[in-house]
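All remarks here apply to the structure that follows.
The values are calculated or read from the model by the stated rules, or taken from the named source; none is laboratory data. Computed from a predicted structure; not experimentally measured. Ideal geometry is used to build each Cβ from the backbone, glycine not excepted, and the neighbour counts take in all protein chains shown. Accessible surface is based on the protein model in full, side chains and every heavy atom, while ligands, DNA and RNA are left aside. Shrake-Rupley method; radii C 1.70, N 1.55, O 1.52, S 1.80 Å.
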Amino acid sequence: MTRPTLRITPADDLIDVARQIRVDGLAPGQSVEIATRTLRDGIAWTSSAHYRADAAGSVDLSRDAPASGSYQDVSPMGLIWAQVPEDGASRTYFHSAVVEPLRTQVNVRAPGVALEGELVQRLAADGVTRREIREDGLVGVLYTPAGPGPHPAVMILNGSGGGINEPRAALYASRGYAALALAYFKAPGLSDYISNTPLEYFQTGLGWMRRTLKPAHDFVAVSGQSRGGELVLLLGATFPEAVSAVVAYVPGAVVHSAQNACDPRIGREGPAWLLGGKPLPHVWEGNRTATWAPFDEGPAPHRHERAILTALQDPDAVARARIPVERIQGPVMLLSGTDDGSWPSSLYSRMVRDSLREAGHPYPVRWLDYEGGGHSILFPYVPTTQLVYAHPVSGRISTSGGSPAPNARADAESWPAVLEFLRDAVAARAATQ
């Protein structure tokens, strides 16, 4: 009888590459358990499922659904996205040192069978470099692809948790983009809050990228999620000549107040964004229907989207706060989920798409709306099980919405679509020069 074997193909690659996990040499119909364990910044995340071998004695996760376990249905990377943290609370998916790979131990167990393997996921490809940026008042981290360049560039902006989004920047660089993960609050030397953030700070960042990086075809895109998704649309509309393309993950279509990321001394109905030293009008300002009650009341976890929907019932307030996306001078990509618990990103994306259509926007617009997806759309093959969280600034216990399988689908499908969108945008810009 053939000895059982475990194959993981490829065993070591970038995080956005799907793997084939396959066991051969089993008895036909034999039941086996496959389990995983990954240390993510010191916290163990685990999953397991039972499978039944086919007539040839094989189990192939790209073909076979589990009989029971951490996920259902066929999913080649289900044992990764279905992982849960052993501490029950962690939402830290990556190491503090982003360039260090994630190593997942894969174990196969059955009577008379004990196999072990390792699956390695990397955010930074060979040759990608990392540099901390503390220039012109900017706070961020620059990831640069291997090779001499020049490379097209992307500015990456976080949401209401603040900080520096190094994982996404590292992966952008691994796919050929000079990627500046720019902090704008909750980072060393900056405010702890989003309140009263000047848009000129980002204008400075865009100028720094062009002067310093000299990007290929003068291409500088902006990519952000949540409040960062609102922000990148706002930057494209405010500084259209400086923004070559917009990638807006779970964005807002209107300007919002500081909300959960506010300075407590100013309050959540105070402004988030300044331009020329003056606050931008936001949807909560002078709103006749807005109330926080649907978010504040009742047991945790709270669903922030319910409060936002009350504000959208005042058409005059919405009109005053609407982001004038028709001013954007480049292609726009929108990504949203129909079960977004943080705010109605699906509705917001439709509003943006419709505004661009009505204005006869001369550039490509692509919108991917994921049925059952929540507020967290990241990139492929990370855990999607942690839906409840304490907001990093306010501490409010909330839900991002969605459920693990739809969220995993959004992660897996959105990233290659974003890369295709950017490739097309770069090519279109190059063709005009």
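Over all projection directions, the Cα-based convex hull of the range 5-122 averages an area of 7.0 nm². The rule of thumb for compact globular proteins, 2.2 N^0.38 Å, goes into the C-alpha radius of gyration of the range 301-433 1.17 times. A 1.4 Å probe, protein heavy atoms only, puts the accessible area of E86 near 120 Å². Taking the longest Cα principal axis of the chain as reference, the axis of helix 227-238 is set at about 40 degrees.
Counting Lys and Arg as +1 and Asp and Glu as -1 over every other residue whose Cβ lies under 12 Å from the Cβ of V220, the net charge comes to +2. Remark: the range 129-432 carries a charge dipole of roughly 520 debye about the Cα centre, counting +1 on each Lys and Arg Cβ and -1 on each Asp and Glu Cβ. Under 10 Å from the Cβ of R63, count the other residues' Cβ atoms, weight Lys and Arg +1, Asp and Glu -1, and hand me the total. Here the count lands on -2. Across L334, L275, L231, mean-square fluctuation computed from a Gaussian network of the chain (C-alpha pairs under 10 Å connected) peaks at L275.
Could you order L142, L368 so the one with the most accessible surface comes first? Probe is 1.4 Å. Each step should come with its number before you reach the end.
Working: L142 5, L368 35 Å².
From most exposed to least exposed: L368, L142.
Amide H contacts under 5 Å for G140: I133, A183, restricted to partners 5 or more places along the chain or on a different chain, H placed in the peptide plane at 1.01 Å from N. Measuring only protein heavy atoms, the 1.4 Å probe finds D12 accessible over about 80 Å².
Among residues other than W292 with Cβ under 15 Å from its Cβ, the summed charge is -1 (Lys and Arg +1, Asp and Glu -1).
Rolled with a 1.4 Å probe across the full set of protein chains, the surface gives Y363 an accessible area near 90 Å². Per the Debye formula on identical point scatterers at the alpha carbon atoms of the range 362-417, with no solvent, log10 I(q)/I(0) at q = 0.18, 0.22, 0.24, 0.26 Å⁻¹ is -0.64, -0.82, -0.91, -0.99. Per atom type, the chain shows carbon and sulfur on 50% of its accessible surface, probed at 1.4 Å.
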